[in-house]
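A short worksheet on the structure shown next.
Laboratory data are not the source of any read-out in this text; all were calculated from the coordinates shown. Note that this is a predicted model, so its numbers are computed, not measured. Here the Cβ is made from the backbone with ideal geometry for all residues, glycine too, and neighbour counts use every protein chain on show.
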Amino acid sequence: MVTEQQARESLEGVLVPGVMRSLGELNLIREVAISDRRVKIAVASAALGSGAQDWIKTKTKEVLAKLPEVNEVEVEFAEAKPAELNKIDHIIAVMSGKGGVGKSLVASLAAIALKRQGYEVGILDTDITGSSIPKMFGITTRPSGSESGILPVLSRSGIVVMSINLLLPREDDAVIWRGPLIDKVITQFWERVLWGKLDYLIVDLPPGTAEAPLTVMQTLPVSGVIIVFTPQDLTTMVVRKAVNMVQKMDKPVLGVVENMAYLYVPEIGKKLEIFGRSRGEEMAQVAQAPLLGQLPIDPELAKLCDEGNIERYDTGIIGNLGQSLSQAMSAKTG
């Protein structure tokens, strides 16, 4: 007789339309019952429109009917909210005390680094008025879903992404909202988006320490925070502000990342500190957390971001960032 494990493994081939992740990856399988060569599957209907449900029902029956000793397959849908289904092991917020330091870039590279290590990763873009994540990943597909929830969009390398820019008529439309509305959208992105099972969710915070970052810290079960800065005279004050906020919210600082740390000139084999001397180790001491990485000014990376091909960036920097981040998470949780 077929086992429940065999049934669940076969359902990994049933990909949900719109997001192209399996029923198991989205944690939609609620129950598997097997008796007398009959398999009954209960699937959560969260974020699934009628067309998606029909397709899943047909495909599920087709897949399970191929298993040995299965004569009948029954599929039923059960109501559920995305928040009840989401199972996310670690939520990492990426923040900066001021804008323009490359916070979204670091969030994107962190997600790519973790994905290359084999983890299931998502990015939640909560920088509502300055969203740039979809542009860097070349994502223009609108999220699908239903009245019960929203399905995020899958990037080329398999990172699930949700951003306000994916819901706007045009990517350059301005979001002119007051704080309470922005807070509501951030909360809904957390509660109504079907993330499913993820090892890591990277949250790109708005710059500063005001209302929107506060909403994220209070609403989401943040596992840790990465603080991004650049080597300038204001760095110490800005980083201290960010650290103070994180500490007051009782969240751990996983580490700091120095962006635009240097420009490497291969013709002369030297690193030029365009914005002044590196403050990486100094800021790590301020944050009482490790220096996770120092990112250079890289014209190739800038070009890939402009083209929507950030996932093609392939240097040792990404590997080092991923390893440092994994070690920092292990140290905080272990």
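With the helix formula -39500 (n - 2.57) applied to DSSP H stretches of n ≥ 4, the chain reaches a computed 222 nm mean residue ellipticity of -10500 deg cm²/dmol. FRET efficiency for the residue 273 to residue 129 pair, using the beta carbon distance and R₀ = 30 Å, is estimated at 0.40.
Scaling against 2.2 N^0.38 Å puts the C-alpha radius of gyration of region 84-333 at 0.96. If both residues of a DSSP beta bridge must be in region 4-80, then about 50% of such bridges are antiparallel.
Pairs exceeding a 25 Å alpha-carbon distance, out of 115/184; 197/241; 271/303: 115/184; 197/241. Residues in region 265-279 carry Karplus couplings, in order, of 10, x, 4, 10, x, 10, 9, 9, 8, 4, 9, x, 5, 5, 10 Hz; the curve used is 6.51 cos²θ - 1.76 cosθ + 1.60 with θ = phi - 60°, and Gly or Pro positions show x. Name the most mobile residue of 183, 204, 125, meaning the one with the largest mean-square fluctuation, in a Gaussian network model of the chain with Cα contacts below 10 Å. Looking only at 183, 204, 125, the largest GNM fluctuation is found for 183.
With the charge dipole of the chain set up from +1 on Lys and Arg Cβ and -1 on Asp and Glu Cβ about the Cα centre, the Cα lying farthest toward the positive end among the listed residues 2, 288, 316 is that of 288. Using alpha carbons only, how many degrees (0 to 90, rounded to 10) separate the axis of helix 50-64 from the longest principal axis of the chain? Once rounded, the angle reads 70 degrees. Straightening the chain between residue 38 and residue 326 buys 99.3 nm, computed as 0.36 nm per residue apart minus the Cα-Cα spacing.
Taking 0.36 nm per residue of sequence separation and removing the Cα-Cα distance, the residue 31/residue 9 pair yields an extension gain of 6.6 nm.
Taking other C-beta atoms within 10 angstrom as a stand-in for reagent exposure, 243, 106, 265 fall in the order 265, 243, 106, fewest first. Taking a straight line from the alpha carbon of residue 66, these lysines sit under 23 Å away, with near neighbours fewer than eight places off in the same chain left out: 40, 57.
In terms of the mean number of neighbouring beta-carbon atoms within 10 Å, the peptides 21-31, 229-239 order highest first as 21-31, 229-239.
Taking Cα centre as origin and charging only the Cβ of basic (Lys, Arg, +1) and acidic (Asp, Glu, -1) residues, the dipole magnitude of the chain rounds to 380 debye. When the charge dipole of the chain is built from unit charges on Cβ atoms (+1 for Lys and Arg, -1 for Asp and Glu) and taken about the Cα centre, the candidate among 246, 60, 22 whose Cα reaches farthest toward its positive end is 246. Restricting attention to the chain, close to 30% of DSSP beta bridges with both partner residues there are antiparallel.
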